[in-house]
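Quick notes on the structure that follows.
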Amino acid sequence: MYIITTKDGSHSLFSEKYDEIYHSGNGAIQEGRHVFINSGFDYGIKNFLPPIGGESKLKIFEVGFGTGLNALLSIIAAQKQGVSVYYETIEKYPVPLEVIKELNYTQLLENEKYRPPFHSMHLSTWNNEHAVTSNFTFKKIHESLLNFQPPLQAFNVIYFDAFAPENQPEMWTVDVMRKLYQLLKPDGILVSYCSKSSFRKTLVAAGFEVDKLQGPPGKREMVRAHKRTS
Ligand SMILES: C[S@@+](CC[C@H](N)C(=O)[O-])C[C@H]1O[C@@H](n2cnc3c(N)ncnc32)[C@H](O)[C@@H]1O
């Protein structure tokens, strides 16, 4: 894999194995904010963390840790909104640390303030929980999603950030979506940059109700899928 610069100036990686860029070429940070923070994290804060009582932590599961950009954006969002987050992510092919050190995310975001937690996540041991900031607990799992045995009803929000269905079809099957459905708490959501009709049908077959939302710049649509219980 090698580093490329996307149109908003933020880095991404190009995977030679999957012949695909890790983020949108129109802007990695821009896409992460739009798809995962605005449509996933913010929805979760609004709907799953009642101001008084209820759960104290938003629980997020990410498919594909990769560069750690979505986790970093979530750390920043948690800090800005004053909420606590438990963040678990799964990755089959970790990005080497030499590559991570070259990425420009912490330079572009908040003036390097989040460099320590960004590096803590990458340096942290696999399969253990780590408090990377006072309100952000992080755990990364070194495993394939395809072999992962999900805990039941554990998460409020899933960031589904796999490589595209054309390049990695095994990640976009009904079986995988059923597994993710089970991972969600009642009323939980899954967000993805992909809005292909075949993917939407797969989500429905797995039990989800699917909303199409406006996509990030350069992409017409994205999806937010709901595990409705009423
Ligand atoms: C589109 S990239 C997104 C990565 C990440 N969210 C980011 O912002 O850099 C997809 C990620 O899924 C990972 N991946 C591929 N196959 C996987 C599998 N079977 N299980 C878990 N992760 C996988 C890849 O290694 C890659 O890091």
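Here, each number is a calculation from the coordinates, and none is a lab measurement. Keep in mind the model is a prediction, meaning the values are calculated, not measured. Methodologically, a virtual Cβ is constructed for each residue, glycine included, from the backbone with ideal geometry; neighbour enumeration extends over all protein chains shown.
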Among the residues in the range 122-141, are any touching a residue at least 60 places away in the same chain (Cβ under 8 Å) and farther than 21 Å from Ala28 by Cβ? yes
Need a quick list: strands (runs of 3 or more DSSP E) entirely within the range 1-75 having at least 1 residues that are away from the ligand (no atom under 15 Å from the Cβ). 57-63
Could you list all residues from the range 1-45 that are surrounded by 19 or more Cβ atoms within 10 Å (Cβ to Cβ) and among the polar types (S, T, N, Q)? Thr6, Ser10, Ser12, Ser24, Gln30, Ser39
Note on the range 76-100: residues in contact with a helix residue (DSSP H, G or I) (Cβ under 6 Å, 6 or more places away or on another chain) and either acidic (Asp, Glu) or within 11 Å of the ligand (Cβ to nearest atom) (or both) are Ile100
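Residues of the range 121-163 being near the ligand (Cβ under 10 Å from one of its atoms), within 23 Å of Phe48 (Cα to Cα) and surrounded by fewer than 17 Cβ atoms within 10 Å (Cβ to Cβ), which ones? Outline the logic, then answer.
Taking the range 121-163 first, the residues near the ligand (Cβ under 10 Å from one of its atoms) are 141-148, 159-163.
Add one more test, that the residue is within 23 Å of Phe48 (Cα to Cα), and what stays is 159-161.
Across the range 121-163, there are no qualifying residues.
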